[in-house]
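In what follows, a single structure is set out as structure tokens and then discussed.
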Amino acid sequence: MPDVVSNRLAGRTAVITGGGSGIGLASARRLAAEGALVVVADNDPAAGKAAAEEVGGLFVPADVTNEEDVRNLYDLTRRTYGRVDIAFNNAGISPPEDASILTTGLEAWRRVQDVNLTSVYYCCKYALPHMLEAGKGSIINTASFVAVMGAATSQISYSASKGGVLAMSRELGVEFARRGVRVNALCPGPVNTPCSGTSLPRIRTAPPAGWCIFRWGALRNPRKSPLRSLSWPATIPPS
Ligand SMILES: NC(=O)c1ccc[n+]([C@@H]2O[C@H](COP(=O)([O-])OP(=O)(O)OC[C@H]3O[C@@H](n4cnc5c(N)ncnc54)[C@H](O)[C@@H]3O)[C@@H](O)[C@H]2O)c1
């Protein structure tokens, strides 16, 4: 159980998909440290259980591409804690088979769309009714910087999926703001996690100070890029 650094989320429930690793795990730690009751959802039971145990939360095994799993995730959270305050829809993949449009097959395209985009549609669809009933809530969907900048080294389905997450979040944000629910998307730059590991095979340590990694690979002078550096999950500043 992490030390509580503030109680600003005391009594609130935070559901995190992909909470077993990387950005999701760092967020689980941080949300718990802010006093939230954390629900970790992941399709990796060992990682998910370990993360939930560490933050004193609940682990719900879930494949976010499965509609019933997602519906159960939010219903179970409501039954267990009586409320769903925060939905951090974060699970995602970036497999090596997804590359240039010239070489990426339909199966790889569809798998990435299912895990990265359709899952966010399910998560919003099944988190929203609980929040609308309460008249408040916060949905945060993980997109990526590629949604706005594109990728120099193509991962065509990944970039398209994250563009979809960003567009969907914007539309939901407008639709549900007047009913008390905020919907936002995060667009992280490169973060050193297992997800980026397949895309950043040569990057094993922090880049030299003052340099940045520009779309999975090429080191560039930060003056020429809006991205400042490779981040580590716990170093992304809290919003
Ligand atoms: N790492 C980066 O550089 C970076 C940059 C921008 C955006 N993102 C996005 O951030 C999010 C988190 O990525 P990360 O880097 O922390 O990756 P990660 O691989 O460390 O964590 C992803 C987690 O999602 C889980 N997961 C994968 N498929 C799932 C499924 N079908 N059902 C349930 N859980 C599933 C994995 O088991 C894992 O625990 C992803 O959406 C990713 O696209 C990552």
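Using bins 10 angstrom wide from zero, how does P(r) for region 13-189 break down, in % of all Cα pairs?
In order of increasing distance, the bins hold 11, 39, 36, 13, 2 percent.
Can you work out ³J(HN,Hα) from phi for every residue in region 72-83, in order, using Karplus 6.51 cos²θ - 1.76 cosθ + 1.60 and θ = phi - 60°, giving whole Hz and x for Gly and Pro?
4, 4, 6, 5, 5, 4, 4, 5, 6, 10, x, 6
Using a 1.4 angstrom probe, figure out how much accessible area region 1-150 has per residue, in square angstrom, rounded to the nearest whole. Could you put the intermediate results ahead of the total?
Details: 6600 Å² over 150 residues.
Value for region 1-150: 44 Å² per residue.
5 Å is the cut-off here: which amide hydrogens, built 1.01 Å from N in the peptide plane, fall below it relative to Ala91, excluding neighbours closer than 5 in sequence?
Hits under the 5 Å cutoff: Thr17, Gly18.
Local charge sum around Ala46 (other residues, Cβ-Cβ under 14 Å, Lys/Arg +1, Asp/Glu -1)?
Net local charge, Ala46 excluded: -3.
Mind listing the long-range amide H neighbours of Asn192? Cut-off is under 5 Å, sequence gap 5 or more, other chains count too, H placed in the peptide plane at 1.01 Å from N.
Answer set, sorted by chain and number: Ser231, Trp232.
For Glu175, what charge total do you get from the other residues with a beta carbon under 13 Å from its beta carbon, if Lys and Arg give +1 and Asp and Glu give -1? Don't skip to the answer; put the middle values down first.
Numbers: positive: Lys125, Arg170, Arg178, Arg179, Arg182; negative: Glu171.
So the surrounding residues net to +4.
The values are calculated or read from the model by the stated rules, or taken from the named source; none is laboratory data. Predicted model only: the values in this text are computed from it and were never measured. Positions of Cβ are generated from backbone atoms using ideal geometry, with glycine treated the same way; all protein chains shown enter the neighbour counts. Side chains included, ligands, DNA and RNA excluded: accessible areas come from the protein's heavy atoms. Shrake-Rupley method; radii C 1.70, N 1.55, O 1.52, S 1.80 Å.
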